[in-house]
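Heads up: the structure comes next, in structure tokens.
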Amino acid sequence: MATSQVSSAKCNCSCTTTWTLASRPSKARSRTASLGWIPALKAATDAWFHEAKTATWANMAEIKALYRTASPVTANRVVFNIKGNDYRLVVEINFRKRIVWIKWFGTHADYDRLNVKEVQYVKDA
């Protein structure tokens, strides 16, 4: 399954990218539109993208130390709380290759109905 890299346009700064954030931008745009994209949510996701792009995570313990509300699900999958726990972001991480794949993003209520260990990106028809 091919992925597109998230560009620095997601992060409004001049940071040096140390991680590849792999996602499908068109899917991310359609998902955020269906969530009712609001300025506070955009600011929160932009902040997460910036932090992830400049992070030096070597393992899940380092993520947990920096993000106390992050929930490790497996050795390489973690759930981040976004915008005060109103939204959830499920990512899979390859620490050795420094790649982060966005697996799912949505409201906390939608998250409660997921099998977070197995949720995968699904392309809209």
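Separation of the alpha carbons by more than 21 angstrom is noted for no pair of K53/K97; K83/K103; K53/K83.
What ranking, highest mean first, results for peptides 78-91, 57-70 when packing means the other Cβ atoms within 10 Å averaged over each residue? Don't skip to the answer; put the middle values down first.
Details: 78-91: 19.0, 57-70: 13.4.
Ranking, from highest mean packing down: 78-91, 57-70.
Less than 5 angstrom separates the built amide H of V73 from those of V78, V79, all sequence-distant by 5 or more or on a different chain. Each residue of region 104-113 is assigned a 3J(HN,Hα), and the resulting list reads 6, 9, x, 6, 4, 4, 5, 4, 4, 9 Hz, derived from the Karplus form 6.51 cos²θ - 1.76 cosθ + 1.60 (θ = phi - 60°), x at Gly and Pro.
Any read-out appearing in this document is the output of simple, stated calculations on the displayed coordinates, not a laboratory observation. Nothing here was measured: the structure is a model prediction, and the numbers come from that model. Here Cβ is always computed from backbone atoms with ideal geometry, including for glycine, and neighbour counts include all displayed protein chains.
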